[in-house]
Amino acid sequence: MDAELLLAHVLDVPRTRLLTLDEVGDEAAARFAALLDLRTGRVPLQHLTGRAPFRHLELAVGPGVFVPRPETELLVEWALERLAGRPAPVVVDLGAGSGAIALSIAHEHPGGRVLAVERDAGAIEWTRHNAASRAAAGDRPVEVLAGDMTSPRLLTELDGAVDLVVSNPPYVPDGARVPREVADHDPPLALWGGPDGLDVVRGLLRTAARLLRPGGHLGIEHADQQGSALPTLVRGHGGFDDVADHPDLAGRPRFTTARRAAG
Ligand code: GLN
């Protein structure tokens with residue numbers, strides 16, 4: 001599959017066109033061979049094509065930004081369901097990376113404000129680039145800002161005014177084994193979350209509790225081993241009701257949701 005996608009990329013044709021292709025020129029064949037070598041060496045496919053499909057969008061990605069994963073598409077699905085019937089919600093994506101979550105919400109929900117927060121100086125270049133492309137394509141502009149999701153000073157002007165906080169934070173426990181293509185090519189800041197993987201999430205919870213209006217929604221992606229740890233952490237934090245955990249398409253625990261309690 002990856003070989004076909006790379007050949008289609010080199011030839012700039014849809015993958016189905018390969019079925020009816022008779023010949024490939026020398027120059028294209030050489031570029032294809034070079035890409036195959038890189039892929040065999042575990043460079044992510046999306047870094048070789050420079051594109052990552054995510055829901056209805058195709059985002060630019062490359063070294064320095066986390067490649068969006070299909071698991072996260074379900075978190076967006078959940079978020080869109082929470083926003084249904086709200087014409088002008090305020091949505092904050094903490095740790096936006098490529099912008100996959102924020103830009104999908106702006107693309108699929110018709111109104112309101114979407115803010116994308118990213119602290120990694122390299123990654124935010126990709127957030128900005130993708131936000132500019134989507135705005136040029138006619139989507140509602142997403143506000144991109146540099147900031148740390150664990151900071152008590154982040155977005156204080158929106159305290160108590162946010163309808164939805166959503167995040168795919170770094171959650172891999174330090175020392176956990178990750179595939180080589182992840183360890184070598186995704187930015188460390190997007191992956192590692194301290195001894196139990198929940199260090200950044202603890203700060204994120206404080207920020208979310210401060211930003212959300214009563215009744216506002218929180219959705220956080222987590223590792224499949226954190227399907228009871230994160231709900232426990234959210235309950236223990238206080239200030240949230242309706243804590244629930246949701247599986248990904250493979251049936252593994254993947255994200256925790258909650259509502260900001262009233263009062
Ligand atoms: N799911 C990611 C992986 O494949 C980890 C993402 C994260 O820490 N947010 O490694």
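No lab work stands behind these numbers, since they all come straight from the coordinates. Keep in mind the model is a prediction, meaning the values are calculated, not measured. A quick note on method: Cβ atoms are made from the backbone with ideal geometry, for glycine too, and the neighbour counts reach across all protein chains shown.
Descriptive notes on the structure:
- In order along the range 10-25, the phi-based Karplus estimate (6.51 cos²θ - 1.76 cosθ + 1.60, θ = phi - 60°) of 3J(HN,Hα) comes to 4, 7, 6, 10, x, 4, 4, 5, 4, 4, 10, 8, 8, 8, 10, x Hz; Gly and Pro are listed as x.
- Column: log10 I(q)/I(0), Debye, Cα scatterers of the chain, q = 0.08, 0.15, 0.16, 0.17 Å⁻¹: -0.34, -1.07, -1.20, -1.32
- Look at where the Cα atoms of the range 184-240 and of the range 85-102 average out, and the two centres are 16 Å apart.
- 5 angstrom amide H check on S98, placed H, neighbours 5+ away: F66
- Listed values for the range 90-102 are Karplus-derived 3J(HN,Hα) couplings in whole Hz (6.51 cos²θ - 1.76 cosθ + 1.60, θ = phi - 60°), namely 9, 10, 10, 9, 9, x, 6, x, 4, x, 3, 6, 4, and x replaces Gly and Pro.
- The slack between R17 and R206, meaning 0.36 nm per residue of separation minus the straight C-alpha distance, is 63.0 nm.
- Using a Förster distance of 30 Å, the FRET efficiency for E143-A3 (Cβ separation, nearest 0.05): 0.15
- Positive contributions from Lys and Arg (+1) and negative ones from Asp and Glu (-1), summed over other residues with Cβ under 11 Å from the Cβ of W126, come out at -2.
- Between the listed residues L19, G64, T49, the Cα displaced farthest toward the positive end of the dipole of the range 1-74, a dipole computed from Cβ unit charges relative to the Cα centre, is found at G64.
- Net charge in the neighbourhood of A88 (other residues with Cβ under 10 Å of its Cβ; Lys, Arg +1, Asp, Glu -1) is +1.
- Backbone amide hydrogens, once placed in the peptide plane, bring L145 within less than 5 Å of A116, V117, E118, excluding anything fewer than 5 places away on its chain.
- Sorted peptide list for 168-174, 80-86, criterion being average Cβ within 10 angstrom, highest first: 168-174, 80-86
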